[in-house]
Amino acid sequence: AQSVTQLDSQVPVFEEAPVELRCNYSSSVSVYLFWYVQYPNQGLQLLLKYLSGSTLVKGINGFEAEFNKSQTSFHLRKPSVHISDTAEYFCAVSDHRGSTLGRLYFGRGTQLTVWP
Amino acid sequence: GAVVSQHPSRVICKSGTSVKIECRSLDFQATTMFWYRQFPKQSLMLMATSNEGSKATYEQGVEKDKFLINHASLTLSTLTVTSAHPEDSSFYICSASNRGHPGTEAFFGQGTRLTVV
(Lines give C-alpha, C1' and ligand atoms only; values in the text may rest on other atoms or scores of the structure.)
Protein backbone atom coordinates (compact mmCIF):
# COMPACT_ATOMS: atom_id res chain seq x y z
CA ALA A 1 0.00 0.00 0.00
CA GLN A 2 0.98 3.58 -0.45
CA SER A 3 1.34 6.22 2.22
CA VAL A 4 2.02 9.93 2.18
CA THR A 5 3.64 12.06 4.87
CA GLN A 6 3.33 15.80 4.91
CA LEU A 7 5.88 16.89 7.42
CA ASP A 8 4.39 20.24 8.32
CA SER A 9 0.80 20.65 9.43
CA GLN A 10 1.04 24.44 9.35
CA VAL A 11 3.33 26.78 7.46
CA PRO A 12 3.07 30.50 8.16
CA VAL A 13 4.88 32.81 5.78
CA PHE A 14 4.90 36.49 4.88
CA GLU A 15 3.64 37.75 1.56
CA GLU A 16 6.20 37.67 -1.27
CA ALA A 17 8.42 35.23 0.61
CA PRO A 18 9.29 31.84 -0.87
CA VAL A 19 7.66 28.72 0.49
CA GLU A 20 8.25 24.98 0.41
CA LEU A 21 5.68 22.42 1.48
CA ARG A 22 7.22 19.04 2.08
CA CYS A 23 5.86 15.68 1.02
CA ASN A 24 7.35 12.22 1.30
CA TYR A 25 5.76 9.01 0.15
CA SER A 26 6.30 5.30 0.45
CA SER A 27 5.30 2.75 -2.14
CA SER A 28 6.46 -0.60 -3.42
CA VAL A 29 5.40 0.25 -6.97
CA SER A 30 5.71 3.18 -9.32
CA VAL A 31 3.36 5.98 -8.49
CA TYR A 32 1.83 9.10 -9.84
CA LEU A 33 2.15 12.15 -7.60
CA PHE A 34 -0.19 15.08 -7.13
CA TRP A 35 -0.59 18.29 -5.21
CA TYR A 36 -4.07 19.65 -4.58
CA VAL A 37 -5.25 22.87 -2.99
CA GLN A 38 -8.43 23.20 -0.96
CA TYR A 39 -10.08 26.47 -0.02
CA PRO A 40 -12.56 26.48 2.90
CA ASN A 41 -15.71 24.45 2.25
CA GLN A 42 -14.68 23.64 -1.28
CA GLY A 43 -13.49 20.62 -3.18
CA LEU A 44 -9.95 19.98 -4.30
CA GLN A 45 -8.27 21.74 -7.17
CA LEU A 46 -5.29 20.16 -8.89
CA LEU A 47 -2.13 22.25 -8.71
CA LEU A 48 0.19 19.91 -10.55
CA LYS A 49 0.99 16.28 -11.16
CA TYR A 50 3.96 14.07 -11.92
CA LEU A 51 3.36 11.08 -14.16
CA SER A 52 6.72 10.55 -15.83
CA GLY A 53 9.49 12.42 -17.63
CA SER A 54 11.03 15.59 -16.27
CA THR A 55 11.26 15.55 -12.51
CA LEU A 56 10.52 19.26 -12.25
CA VAL A 57 6.84 19.87 -12.71
CA LYS A 58 5.25 23.26 -13.12
CA GLY A 59 1.66 23.85 -12.15
CA ILE A 60 -0.90 26.58 -11.84
CA ASN A 61 -0.61 29.75 -9.78
CA GLY A 62 3.18 29.77 -10.01
CA PHE A 63 3.70 26.52 -8.07
CA GLU A 64 6.22 23.86 -8.98
CA ALA A 65 7.32 20.57 -7.50
CA GLU A 66 10.28 18.30 -7.91
CA PHE A 67 10.08 14.53 -7.87
CA ASN A 68 13.05 12.92 -6.16
CA LYS A 69 12.88 9.17 -6.48
CA SER A 70 15.90 8.42 -4.30
CA GLN A 71 14.47 10.47 -1.45
CA THR A 72 10.86 9.52 -2.25
CA SER A 73 9.91 13.16 -2.04
CA PHE A 74 7.70 15.52 -3.99
CA HIS A 75 8.08 18.93 -2.35
CA LEU A 76 5.96 21.85 -3.49
CA ARG A 77 7.53 25.28 -3.95
CA LYS A 78 6.61 28.80 -4.87
CA PRO A 79 9.21 31.59 -5.11
CA SER A 80 6.86 34.37 -3.98
CA VAL A 81 3.53 33.77 -2.27
CA HIS A 82 0.41 35.92 -2.21
CA ILE A 83 -2.22 36.27 0.45
CA SER A 84 -4.60 34.46 -1.90
CA ASP A 85 -2.41 31.36 -1.60
CA THR A 86 -3.67 30.86 1.94
CA ALA A 87 -5.33 27.44 1.85
CA GLU A 88 -4.91 23.78 2.74
CA TYR A 89 -2.55 21.83 0.50
CA PHE A 90 -2.67 18.08 0.06
CA CYS A 91 -0.06 15.81 -1.40
CA ALA A 92 -1.37 12.58 -2.89
CA VAL A 93 -0.16 9.48 -4.68
CA SER A 94 -1.85 6.89 -6.81
CA ASP A 95 -0.46 3.72 -8.28
CA HIS A 96 -0.52 2.49 -11.83
CA ARG A 97 -2.94 -0.35 -11.31
CA GLY A 98 -5.72 -0.07 -13.83
CA SER A 99 -8.42 -1.41 -11.59
CA THR A 100 -7.97 1.38 -9.08
CA LEU A 101 -6.70 4.12 -11.35
CA GLY A 102 -7.63 7.43 -9.81
CA ARG A 103 -7.71 6.14 -6.23
CA LEU A 104 -5.64 8.60 -4.26
CA TYR A 105 -3.82 8.27 -0.98
CA PHE A 106 -3.64 11.63 0.73
CA GLY A 107 -1.30 13.19 3.21
CA ARG A 108 -2.76 14.91 6.25
CA GLY A 109 -2.52 18.30 4.62
CA THR A 110 -0.52 21.47 5.23
CA GLN A 111 -2.24 24.71 6.10
CA LEU A 112 -0.40 27.52 4.37
CA THR A 113 -1.11 30.93 5.87
CA VAL A 114 0.28 33.99 4.15
CA TRP A 115 0.53 37.12 6.26
CA PRO A 116 0.69 40.66 4.88
CA GLY B 1 -9.86 20.16 -17.00
CA ALA B 2 -12.90 17.98 -16.70
CA VAL B 3 -15.82 19.10 -14.58
CA VAL B 4 -17.42 17.15 -11.79
CA SER B 5 -20.55 18.59 -10.25
CA GLN B 6 -21.61 17.60 -6.75
CA HIS B 7 -25.01 18.47 -5.34
CA PRO B 8 -26.10 19.71 -2.87
CA SER B 9 -23.23 21.79 -1.55
CA ARG B 10 -24.81 22.01 1.88
CA VAL B 11 -27.57 20.03 3.55
CA ILE B 12 -29.03 19.99 7.03
CA CYS B 13 -31.20 17.06 7.99
CA LYS B 14 -32.88 15.67 11.05
CA SER B 15 -31.47 12.66 12.83
CA GLY B 16 -32.98 9.46 11.48
CA THR B 17 -33.66 10.74 7.98
CA SER B 18 -31.78 9.85 4.79
CA VAL B 19 -29.82 12.19 2.56
CA LYS B 20 -28.79 11.66 -1.05
CA ILE B 21 -25.71 13.31 -2.56
CA GLU B 22 -25.20 13.35 -6.31
CA CYS B 23 -21.94 13.40 -8.21
CA ARG B 24 -22.03 14.04 -11.95
CA SER B 25 -19.25 14.12 -14.52
CA LEU B 26 -20.32 16.81 -16.95
CA ASP B 27 -17.97 16.40 -19.89
CA PHE B 28 -16.42 12.95 -19.67
CA GLN B 29 -17.37 9.38 -18.92
CA ALA B 30 -16.51 8.44 -15.38
CA THR B 31 -15.79 4.73 -15.33
CA THR B 32 -14.80 4.99 -11.69
CA MET B 33 -16.02 7.26 -8.94
CA PHE B 34 -14.63 7.63 -5.47
CA TRP B 35 -16.35 8.89 -2.35
CA TYR B 36 -14.29 10.52 0.38
CA ARG B 37 -15.13 11.84 3.80
CA GLN B 38 -13.23 14.68 5.40
CA PHE B 39 -13.36 15.56 9.08
CA PRO B 40 -12.49 19.11 10.19
CA LYS B 41 -8.81 19.90 9.86
CA GLN B 42 -8.09 16.40 8.60
CA SER B 43 -7.29 14.67 5.37
CA LEU B 44 -9.63 12.87 3.01
CA MET B 45 -10.49 9.31 3.86
CA LEU B 46 -11.69 7.05 1.08
CA MET B 47 -15.05 5.52 1.86
CA ALA B 48 -15.73 3.51 -1.27
CA THR B 49 -14.90 3.02 -4.91
CA SER B 50 -17.62 2.48 -7.46
CA ASN B 51 -17.28 1.27 -11.01
CA GLU B 52 -20.13 1.87 -13.42
CA GLY B 53 -22.58 -0.99 -13.47
CA SER B 54 -21.10 -2.92 -10.56
CA LYS B 55 -21.31 -2.90 -6.79
CA ALA B 56 -19.22 -0.46 -4.88
CA THR B 57 -16.13 -1.59 -3.00
CA TYR B 58 -16.11 -0.23 0.54
CA GLU B 59 -13.07 0.51 2.64
CA GLN B 60 -12.63 -1.30 5.90
CA GLY B 61 -14.77 0.15 8.65
CA VAL B 62 -17.29 1.80 6.33
CA GLU B 63 -20.82 0.49 6.76
CA LYS B 64 -22.17 -0.40 3.34
CA ASP B 65 -25.76 -0.51 4.59
CA LYS B 66 -25.46 2.98 5.97
CA PHE B 67 -23.65 4.59 3.06
CA LEU B 68 -25.41 3.36 -0.07
CA ILE B 69 -23.58 4.02 -3.31
CA ASN B 70 -25.11 3.72 -6.74
CA HIS B 71 -23.21 4.20 -10.00
CA ALA B 72 -25.85 3.42 -12.57
CA SER B 73 -24.44 5.41 -15.44
CA LEU B 74 -21.11 6.70 -16.70
CA THR B 75 -21.95 10.22 -15.59
CA LEU B 76 -23.74 9.81 -12.28
CA SER B 77 -22.98 8.31 -8.90
CA THR B 78 -25.00 8.84 -5.75
CA LEU B 79 -24.19 8.45 -2.07
CA THR B 80 -27.14 8.01 0.28
CA VAL B 81 -26.56 8.40 3.98
CA THR B 82 -29.32 6.34 5.55
CA SER B 83 -30.74 6.96 9.00
CA ALA B 84 -28.31 9.80 9.53
CA HIS B 85 -27.00 10.60 13.00
CA PRO B 86 -25.05 13.62 14.25
CA GLU B 87 -21.78 11.67 14.03
CA ASP B 88 -22.34 11.41 10.27
CA SER B 89 -21.96 15.17 10.01
CA SER B 90 -18.97 15.75 7.80
CA PHE B 91 -17.72 17.02 4.46
CA TYR B 92 -18.24 14.48 1.70
CA ILE B 93 -16.34 14.75 -1.58
CA CYS B 94 -16.61 12.69 -4.74
CA SER B 95 -14.08 12.29 -7.49
CA ALA B 96 -14.29 10.71 -10.91
CA SER B 97 -11.77 9.17 -13.26
CA ASN B 98 -11.74 7.38 -16.59
CA ARG B 99 -9.79 4.15 -16.97
CA GLY B 100 -9.47 4.82 -20.65
CA HIS B 101 -7.00 7.59 -19.94
CA PRO B 102 -4.06 6.19 -17.96
CA GLY B 103 -2.39 8.78 -15.85
CA THR B 104 -5.41 10.99 -15.81
CA GLU B 105 -5.98 12.37 -12.40
CA ALA B 106 -9.32 12.07 -10.70
CA PHE B 107 -11.43 15.19 -10.85
CA PHE B 108 -13.14 16.36 -7.70
CA GLY B 109 -16.59 17.67 -6.99
CA GLN B 110 -17.10 20.76 -4.86
CA GLY B 111 -18.01 18.75 -1.79
CA THR B 112 -21.15 18.48 0.35
CA ARG B 113 -21.30 19.75 3.91
CA LEU B 114 -23.71 17.48 5.76
CA THR B 115 -25.02 18.56 9.14
CA VAL B 116 -27.28 16.19 11.05
CA VAL B 117 -29.25 17.78 13.88
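The values are calculated or read from the model by the stated rules, or taken from the named source; none is laboratory data. The model shown is predicted, which means the values in this text are computed figures rather than measured ones. Quick reminder, even Gly has a Cβ in these numbers, built from the backbone with ideal geometry, and neighbours come from all protein chains shown.
Among the listed residues B:68, B:46, which satisfies the condition of being more than 11 Å from chain A (Cβ to nearest Cβ) and outside any loop (DSSP other than H, G, I, E, B)? Before the answer, list the steps.
Numbers: B:46 fails: more than 11 Å from chain A (Cβ to nearest Cβ).
Unique residue meeting the criteria: B:68.
Could you list, ordered by first residue, the pairs with Cβ atoms under 9 Å in which the first is in segment A:28-45 and more than 23 Å from residue A:111 (Cα to Cα) and the second is loosely packed, with under 11 Cβ neighbours inside 10 Å and polar (S, T, N, Q), at least 6 apart or interchain?
Listed by first residue and then by second, the contacts come to A:30/A:52.
Among the numbered criteria (1) away from every other protein chain (no Cβ under 14 Å); (2) on the phi < 0 side of the Ramachandran plot, which one does residue A:62 miss?
Result: residue A:62 fails condition (2) only.
Pick from segment A:92-105 the residues that are surrounded by 22 or more Cβ atoms within 10 Å (Cβ to Cβ) and either more than 19 Å from residue B:45 (Cβ to Cβ) or more than 10 Å from chain B (Cβ to nearest Cβ) (or both): which of them is modelled with the highest pLDDT?
Residues of segment A:92-105 that are surrounded by 22 or more Cβ atoms within 10 Å (Cβ to Cβ), as a first pass: A:92-94, A:101-102, A:104.
Remaining after also requiring either more than 19 Å from residue B:45 (Cβ to Cβ) or more than 10 Å from chain B (Cβ to nearest Cβ) (or both): A:93, A:101.
Details: A:93: 90, A:101: 58.
Taking the candidates together, the pick is A:93.
Please go through segment A:15-50 and give me each residue that is away from every other protein chain (no Cβ under 14 Å), assigned to a loop (DSSP other than H, G, I, E, B) and not hydrophobic (A, V, I, L, M, F, W, C), ordered by number.
Those that are away from every other protein chain (no Cβ under 14 Å), assigned to a loop (DSSP other than H, G, I, E, B) and not hydrophobic (A, V, I, L, M, F, W, C): A:15, A:16, A:18, A:22, A:27, A:28.
Can you find a residue in segment A:106-116 that is closer than 22 Å to residue B:33 by Cα and surrounded by fewer than 21 Cβ atoms within 10 Å (Cβ to Cβ)?
Yes: one or more hits.
Checking residue A:53 against (1) within 12 Å of another protein chain (Cβ to nearest Cβ); (2) out of contact with any strand residue (DSSP E or B) (no Cβ under 7 Å at 6 or more places or on another chain); (3) at negative phi: exactly one of these is not met. Which one?
With (1) within 12 Å of another protein chain (Cβ to nearest Cβ); (2) out of contact with any strand residue (DSSP E or B) (no Cβ under 7 Å at 6 or more places or on another chain); (3) at negative phi applied to residue A:53, the lone miss is (3).
Taking the stated definitions as given, is residue B:18 away from every other protein chain (no Cβ under 12 Å), of a type in the set (Ser, Thr, Tyr) and in contact with a His (Cβ under 6 Å, 6 or more places away or on another chain)?
No; evaluated as a whole, the condition is false for this residue.
Has segment B:22-35 got any residue that is in contact with a His (Cβ under 7 Å, 6 or more places away or on another chain), assigned to a strand (DSSP E or B) and among the polar types (S, T, N, Q)?
Residues of segment B:22-35 in contact with a His (Cβ under 7 Å, 6 or more places away or on another chain): B:22, B:33.
Subset that is assigned to a strand (DSSP E or B): B:22, B:33.
Now narrow it down to the ones that are among the polar types (S, T, N, Q): none.
Among the residues of segment B:22-35, not one is in contact with a His (Cβ under 7 Å, 6 or more places away or on another chain), assigned to a strand (DSSP E or B) and among the polar types (S, T, N, Q), which makes the answer no.
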